[in-house]
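Asks: Take a look at this one; I'll ask things after.
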Amino acid sequence: MIELNYEVDKALSNLPERSRVMVVGEPDTGKSTFVALLARWFYTNSRKTAVVDCDVGQADVGPPGFISYGFVEHPVTSLKAVARTGSYLVGNTSPYGRLLPVVTGTEACVRAAERDGADIILIDTSGLVRPHAGVQLKCAKAGAVYPHLVIALGTPGLRPLTNHLKSLGFTVLSLEPLAGVRMKSIEERRENRVFRWNMYLKDARAFRLDLSRVRIYRWWAETHYVDVDTVPHGTVVAVPDPSRIGLQTPCVWITSENGPMVIAPLPQDYEPEIVWVTSYRLHLLGTQVTSA
Ligand SMILES: Nc1ncnc2c1ncn2[C@@H]1O[C@H](COP(=O)(O)OP(=O)(O)OP(=O)(O)O)[C@@H](O)[C@H]1O
Ligand SMILES: [Mg+2]
């Protein structure tokens, strides 16, 4: 297990009691592994630590297509071991064309973690850091959640972003990419998404939709109502989180002989009244996700 060096240890020890730390870097530089190291450090220093996972493609805390947060409940070595508390729907596995919901979702999850009593909020981000869209996304995110410390796993391609963040007044600690990191192939990234969805749906139940009561909307779209017969089997949808206003519970749309249903790990007595539909579609074999 890699240990944090003296410089990082000192920077973390100097943070205020309640702080937010954001980690940025190009793809495959070890961001998520580093956030897990930070999570373990704060946990073993007796701080109530939350992780906000803003990587909608390589999601660890919740299913892909959502920004999710959860609390660190043991000395983790991977973010996959952080149990999900709440999520915000983005509806795609790439932040391109979805920059606004990614920023809004990050802020919504940070606020929810604060309401849940987090001392420390660690923000893991995607590798979209350049060109223009990446700099915009990360500057908007930093502006929305105001991290006390940004840790940059620095490569030459990250410099425009770190310069921008510094010019905005953020404290940036630049480190080398994690030693030992390796590139994930497109295939491995796909497998990670499938694994993460199946992990999320492990305890899911099917809920029938009473079409005379339930309202079905397209997420963040001008056209509000959706013709239910046109929603494909396996579509990623969401319902309002029953215990957290402004957050959404991830679900999957199932077509059946008895009409449409959604599957999600929700309480048995939950009756969906609103369903938000996306254009992100999974392939299923029964209730097992085979492609995401
Ligand atoms: N010290 C290490 N030794 C061996 N493998 C490592 C080490 N650190 C990270 N890895 C592996 O390298 C890969 C990339 O690491 P990680 O997922 O943390 O990077 P990332 O920057 O978060 O990637 P992404 O851009 O996809 O979010 C992962 O498969 C991870 O398990
Ligand atoms: Mg990552």
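Asks: Where the only charges are on Cβ atoms (+1 Lys, Arg; -1 Asp, Glu), what is the dipole of the chain about its Cα centre, to the nearest 20 debye?
Replies: Using Cβ point charges on Lys, Arg, Asp and Glu, the chain gives about 440 debye.
Asks: Would you work out what percent of the accessible area of the chain, with all protein chains in place, is carbon or sulfur (probe 1.4 Å)?
Replies: 51 percent
Asks: Can you bin every Cα-Cα distance in the range 6-183 into 5 Å intervals starting at zero and give me the percent of pairs per bin, rounded to whole numbers?
Replies: Per 5 Å bin, starting at zero, the Cα-Cα P(r) for the range 6-183 comes out as 1, 9, 20, 24, 23, 16, 6, 1 percent.
Asks: Okay, moving on. At what distance in nm do the modelled label points of Arg18 and Arg208 sit from each other, each positioned 7 Å from its Cα along Cα→Cβ?
Replies: The modelled label-to-label distance comes out at 4.6 nm.
Asks: For the chain, what is the accessible area per residue in Å² when the probe is 1.4 Å? Can you show the working numbers first?
Replies: Details: 13310 Å² over 292 residues.
Each residue of the chain exposes 46 Å² on average to a 1.4 Å probe.
Asks: So, one more: Only Cα pairs within less than 10 Å get springs; with that Gaussian network setup on the chain, which residue of Leu247, Leu137, Leu165 has the largest fluctuation?
Replies: Top of the fluctuation ranking is Leu165.
Asks: Can you give the Rg/Rh ratio of the range 197-291, where Rg is from the C-alpha atoms and Rh is the Kirkwood radius? Before the final figure, lay out each step's value.
Replies: On the way: Rg = 12.4 Å, Rh = 13.5 Å.
Value, to two decimals: 0.92.
Asks: Let me ask something additional. Please give the charge dipole size of the range 197-291, origin at the Cα centre, charges +1 on K and R Cβ atoms and -1 on D and E Cβ atoms. Round to the nearest 20 debye.
Replies: Dipole size: approximately 220 debye.
Asks: Moving on to the next point. Of all DSSP beta bridges in the range 6-183, what percent run antiparallel (nearest 5)?
Replies: 35 percent
Asks: In deg cm²/dmol and to the nearest 500, what is the mean residue ellipticity at 222 nm of the chain if only DSSP H runs of at least 4 residues count, each as -39500 (n - 2.57), divided by the residue total?
Replies: Calculated from helices alone, the mean residue ellipticity at 222 nm is -8500 deg cm²/dmol.
Asks: Taking the Cβ-Cβ separation of Glu3 and Lys48 as r and a Förster radius of 35 Å, what is the calculated FRET efficiency to the nearest 0.05?
Replies: It comes to 0.95.
Asks: Continuing with the same structure: Can you count the Lys pairs in the chain with C-alpha separation below 30 Å, eight or more apart or on different chains?
Replies: Count of close lysine pairs: 28.
Asks: Further question: In nm, give the distance between the simple-model label positions of Arg189 and Gln288, each being 7 Å from the Cα along the Cα-to-Cβ direction.
Replies: About 2.6 nm, to one decimal.
Asks: Where the convex hull is taken over the Cα atoms of the range 118-213, what is its projected area averaged over directions, in nm²?
Replies: Mean projected area for the range 118-213: 10.8 nm², to one decimal.
The values are calculated or read from the model by the stated rules, or taken from the named source; none is laboratory data. Note that the coordinates shown come from a computational prediction; the quantities given were computed from them, not determined experimentally. Heads up, the Cβs are rebuilt from the backbone with ideal geometry, glycines too, and the neighbour counts pull from every protein chain shown. With ligands, DNA and RNA removed, areas are computed over all heavy atoms of the protein, side chains included. Shrake-Rupley method; radii C 1.70, N 1.55, O 1.52, S 1.80 Å.
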